[in-house]
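The values are calculated or read from the model by the stated rules, or taken from the named source; none is laboratory data. Every value quoted in this text rests on a predicted model; they were computed, and no experiment measured them. We place every Cβ from the backbone using ideal geometry, glycine too, and count neighbours over all the protein chains shown. The protein model used for the area step is the full one, side chains on, heavy atoms only, and it has no ligands, DNA or RNA in it. Shrake-Rupley method; radii C 1.70, N 1.55, O 1.52, S 1.80 Å.
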Amino acid sequence: MKAAVFKEVGKPMVVEEVADPTPGDDQLVVKVGYCGICGTDLHSTREGAATVACDSILGHEFVGEVVEVGKSLKNQWGKDDRVCSLPFLSCGKCVQCVTGRPFECAELKCTGLDVPGGFAEYVTTGALETILLPDQLEMESAAVIEPLAVGLHAVRVAEMKAGQRVLITGGGPVGLAVALWARFLGARDVVVSEFAEKRRELATQLGATAVIDPSKDLAEQFADATGGEPDMIFECVGVPGLIQQCVEMAPRHCKIVGVGVCEQPDTFMPFLALVKELQFQFAIAYTRDDFETVVAMLAQGRIDPSPMITDVISLEEMPAAFEALRTPSTQCKVLTKFS
């Protein structure tokens, strides 16, 4: 099969022929229809704590059709079943796995990091992690299930209540997904702070009631836009200094939710957070129920994330598009389409 393969830090991926995957007894092989490029993929291919091994195949935002079924799954899955999957291979037996929380499994392997991912024509998925897609759900829309599940999980973990005022720092795919779900679940105001003009436009299409400029005073802009103060701040960028910025602008009793992945040491002033009695919550990944909820809401037409998809490219175009996302301009969610 063809795959985009990471060779080394500082160089684009290379599209080349690699061996086809073979499923274990409780696994499936899926022919990839679409696979999105994620910020985690970008982090994994630069120098840092999360750099993947050379010759890795990344990609964890994939959907497709089953083409091969493991021996123990013959009565459960059929060829041509349309599926998405949590990007994990787990033990399938521990409490975490059987209750739909495979990310917490002690034997977890992450698809696209520890094992080959969806930047390839075929990918292996686990039985417990794979979800059948409704017939009415188009593949291109299904390709954003994973980032939408990240946003839903963050809002659920934060225990946001209807009627609250929400500030989101960062209008990338994760920030936009948080905005979509915050509005869907009843936030009174959803304000997104973002530099890029294109992403500011997308934020208003995906649930934001206002967008503000992070180069100016955020608290003042938020008050002007909403007439009040934020009850909850979602930090969806993940660079040093932003937690402290959130602490400084947060009103008393505000909750700060870290969603953006920061791989570097960071500092903030605990005394200021202490005086304000701030709450901190961090959110990562998702559960099976998060995925299933996203699938249901998409299939029922109750959410429309299509504005998030700004580019659909071929596998041959993917290495160049991947590098361009390191300094994005008009791109948001870029999907690789496999013919």
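Per-residue counts of other Cβ atoms within 10 Å, averaged by peptide: what ranking do you get for 34-41, 285-292, highest first?
Per-residue mean Cβ counts within 10 Å order the peptides as 34-41, 285-292.
Using the per-residue mean of other Cβ atoms lying within 10 Å as a proxy for protection, in what order, highest first, do the peptides 124-134, 98-108 fall? Each step should come with its number before you reach the end.
Details: 124-134: 20.0, 98-108: 16.4.
Order by mean packing, descending: 124-134, 98-108.
Charges at C-beta only: +1 for Lys and Arg, -1 for Asp and Glu. How large is the resulting dipole of the chain about its Cα centre, in Debye rounded to 20?
Values: 29 positive and 47 negative charges, 124 e Å.
Once rounded to the nearest 20, the dipole reads 600 debye.
Suppose a student asked you for the relative contact order of the chain, using Cα pairs under 8 Å spaced at least 6 residues apart; what percent would you report? Can you show the working numbers first?
Numbers: 771 pairs, mean separation 61.2, N = 339.
18 percent.
Give the ranking of 181, 77 by solvent-accessible surface, highest area first, calculated with a 1.4 Å probe.
Values: 181 5, 77 40 Å².
Most to least solvent-accessible, the answer reads 77, 181.
Give the shape of the range 38-108 as rounded, prolate or oblate, defined through the alpha-carbon gyration tensor: a ≥ b ≥ c are the square roots of its eigenvalues, a/c under 1.5 means rounded, and otherwise the shape is prolate if a/b is larger than b/c and oblate if not. Numbers along the way, then the final one.
Numbers: a/c = 2.51, a/b = 1.48, b/c = 1.69.
Note, shape of the range 38-108 comes out oblate.
Share of antiparallel DSSP beta bridges in the chain, in percent to the nearest 5? Mind showing how you got there, number by number?
Values: 30 of 55 bridges.
Once the DSSP bridges in the chain are tallied, antiparallel ones form about 55 percent.
Give me the 1.4 Å probe accessible area per residue for the range 102-150, excluding ligands and nucleic acids, in Å². Walk me through the intermediate numbers first.
Values: 1900 Å² over 49 residues.
Ligands and nucleic acids excluded, the result is 39 Å² per residue.
Helix 173-184 versus the longest principal axis of the chain: what angle, 0 to 90°, nearest 10, using Cα atoms?
70
Report the relative contact order of the range 7-97, percent, no decimals, based on alpha-carbon pairs under 8 angstrom and at least 6 residues apart.
Numbers: 114 pairs, mean separation 27.5, N = 91.
Relative contact order of the range 7-97: 30 percent.
Using the per-residue mean of other Cβ atoms lying within 10 Å as a proxy for protection, in what order, highest first, do the peptides 271-284, 294-307, 59-72 fall? Please list the in-between numbers first.
Working: 271-284: 13.6, 294-307: 16.7, 59-72: 20.9.
For the peptides 271-284, 294-307, 59-72, the packing ranking is 59-72, 294-307, 271-284.
Could you tell me what percent of the accessible area of the range 1-105 is made up of carbon and sulfur, with a 1.4 Å probe and every protein chain present?
Working: 2360 of 4830 Å².
Result for the range 1-105: 49 percent of the exposed heavy-atom area is carbon or sulfur.
With θ set to phi - 60° and the Karplus curve 6.51 cos²θ - 1.76 cosθ + 1.60, what are the ³J(HN,Hα) couplings of the range 56-71 in order, to the nearest whole Hz, using x for Gly and Pro?
7, 10, 8, x, 10, 9, 10, 9, x, 10, 5, 10, 8, 10, x, 4
Expected output is a single nm value to one decimal: the length gained when fully extending between residue 94 and residue 263, i.e. 0.36 nm times separation in residues minus the C-alpha distance. What is it? Could the numbers behind the result be given before it?
On the way: separation 169, 0.36 × 169 = 60.84 nm, distance 2.90 nm.
Computed gain between residue 94 and residue 263 is 57.9 nm.
Given the Cα-Cα distance of residue 281 and residue 26 and 0.36 nm per residue of separation, how much length would full extension add, in nm? All intermediate terms of the calculation are to be shown ahead of the outcome.
Numbers: separation 255, 0.36 × 255 = 91.80 nm, distance 3.51 nm.
Value of the extension gain: 88.3 nm.
For the range 88-104 and the range 249-271, what is the separation of their C-alpha centers, rounded to whole Å?
30
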